[in-house]
Amino acid sequence: MMAKAGLPQLGQGCSRSTLPESVGDKATPHAVAHLRHPRTYIRLAKSKTPCSAQAVRSQATAVAATDKDFQAWWRNADVKAALSPADFEGLRGMSADREINSGDAIVSLPRTAALVVTPKMKNPFPDEINDAYWSQSQWFEKMAVMLLHERRRGVQSAVSGYVEQLPADFDTLLHWSDQEMQLLMYPHLLQQVQQQKESWHQYYKSVQAATSGQSMTEAELTWALECVRSRAFSGPYSGPPIKERAKAVVPFLLAAAAYTQWAHLPLEQILNGAIAAVLFNIIYDTLLSRKLRWFALCPVIDSMNHQSASKNEVAYEYFGDRFSVTAERKYAQGEQVFITYGLQSNDKLLQYYGFVEPKNPADVYVVPDLLEALRDLPYLKIPEEGVQAAKQAGLSVALQKVALTRQGLPDKALQTVRMVLASAHLLEQHSAADFRQQVDALHEESCLQALKDVCLSLSSQLTRIPAKQSDGTISRRRQDLAKQFRQQKSRVLQSCCKSLENQIRKARKQQPA
């Protein structure tokens, strides 16, 4: 299964199809690798000022023309799709252009219609960028450079129809002002976006230093990186396609035939040895590939929107050398068809894809420093002995960037909280390993209550509506998106509180009367 690279997987030996960090898991005669996908919702551009009816019609006409050209390109590229580009209340996506039954192929495209980065891939254009940079760069840097190369080629590119319909710009957090970012009221994401800006600037400096002849602006590289980070799929690498292996086998068979004449051995014996060697090579590469990953931009597939509940995934069909998506349920004509990008929190969805998913089962609330959050509780005094004991046990890091879920917090973080809040007496009686579970019912209640109060405090902060921006510099869309994000984070914290409350009741029942 392929996952959206991002983030985000290809699963070996499965029957469904999916590519960044989605395809089914039924066995088929084909070797299939599943992929997952990092992608953004694409919205029709909205002006900051009211548009005239003529401007709206012009925009709709331009979108329709782009869709038509894109469909013409994918048919010529041997892409088979039971889909059509469509607008769903201002959100671009893919609709079923006919009734699709469960098990039907939704999309199937050859590898030649995709942009692919494989492990240890050779520099495809050494005249433009030096080999030293290529060998050291990360997969998304490579793919971004490849995408810009194809865009420069224009109609000469084999993927020109795909490149032309990509979004001209993105409305992700990378482009929000500091004032707009404050609307999120979520320190962790502010830190992540700042790190993204700094690292992407460094990528640009590295590319500039490695580029010869063809220069690019930082805005161009940023555009390419956003395309890649929001649209690429990833999965376990299955090795070279079968056609490449076949080409490599022909010289081997010719040599084997010549050897039979020279050594006077039976042809059947030589052929059996040759076939065994070829099969061993395929099996070895398949097993080895489980440790390696590859990445792909898959036209048409990456225009499908994300839904966590969707079972549709992207897969790579080894013997067909194609990426595909198979329907996991029935779709009516005109219905929007989704895929899943894998389990991604709203942090990642908003940062890289520009949207928030309501009731996201993978959503979390990341506390940058849980120890500081505990210290902010006015009634709580944290013994220094516990802090030092946790530090000596190497557990202090467990309180950094703690991802709270609807079910509570990570075991390691809870273990550390137990140590930090333990009395000197408990620390003398128990080793660090003992704190992996409850050591005293009363102490357990105190720890869980403190964690619950942290969640309540954080949730309360999220519900405080920021003052309205009087200067009108923040768009209504971004204000609404920030509000949706805060609401979803608050719901995660509220669910976490309920889970902690249940654990508190359990600890109270275990206390002596």
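The values are calculated or read from the model by the stated rules, or taken from the named source; none is laboratory data. Every value quoted in this text rests on a predicted model; they were computed, and no experiment measured them. Cβ atoms come from the backbone with ideal geometry, glycine included; neighbour counts cover every protein chain shown. Quick note on the areas: whole protein, heavy atoms, side chains included, nothing else; ligands and nucleic acids left out. Shrake-Rupley method; radii C 1.70, N 1.55, O 1.52, S 1.80 Å.
Using the structure shown, list the pairs from K311/K483; K291/K483; K330/K412; K359/K391; K401/K498 with a Cα-Cα distance above 31 Å, or answer none. Too far apart for the 31 Å limit: K291/K483; K330/K412; K359/K391.
Taking every protein chain into account, the accessible area of the range 123-225 amounts to 47 square angstrom per residue (probe 1.4 Å).
Please find the FRET efficiency linking D411 to Q194, where r is the Cβ-Cβ separation and R0 is fixed at 25 Å, and quote it to the nearest 0.05.
Working: r = 30 Å, r/R0 = 1.19.
After rounding to 0.05, the efficiency reads 0.25.
Could you calculate the contour length gain from Q208 to A362, that is, 0.36 nm times the residue separation minus the distance between their Cα atoms, to one decimal place in nm? Numbers along the way, then the final one.
Values: separation 154, 0.36 × 154 = 55.44 nm, distance 3.76 nm.
Extra length from Q208 to A362 when fully extended: 51.7 nm.
Lysine pair count for the range 61-208 with Cα-Cα distance under 24 Å and sequence separation of 8 or more or different chains is 8. On the beta carbon distance between E501 and A332, with R0 = 51 Å, the FRET formula returns roughly 0.75.
Put a dot 7 Å past the Cα of A309, heading toward its Cβ, do the same for E218, and the two dots end up 4.3 nm apart.
Would you please put 357-370, 412-425, 335-348, 129-142 in order of how densely packed they are, using the mean number of other Cβ atoms within 10 angstrom per residue and starting with the highest? Please report the intermediate quantities before stating the final value.
Working: 357-370: 18.2, 412-425: 21.4, 335-348: 23.8, 129-142: 16.6.
Per-residue Cβ counts within 10 Å, averaged per peptide and sorted highest first, yield 335-348, 412-425, 357-370, 129-142.
Here the label points at R75 and Q510, each 7 Å from Cα along the C-beta direction, are separated by 6.7 nm in the simple model.
Probing with 1.4 Å while keeping every protein chain in the model, the per residue accessible area of the range 350-404 equals 49 Å². Length gained on full extension, H175 to K122, computed as 0.36 nm times the residue gap minus the Cα-Cα distance: 15.7 nm. Surface composition of the range 425-513: carbon and sulfur atoms hold 46% of the protein heavy-atom accessible area at a 1.4 Å probe.
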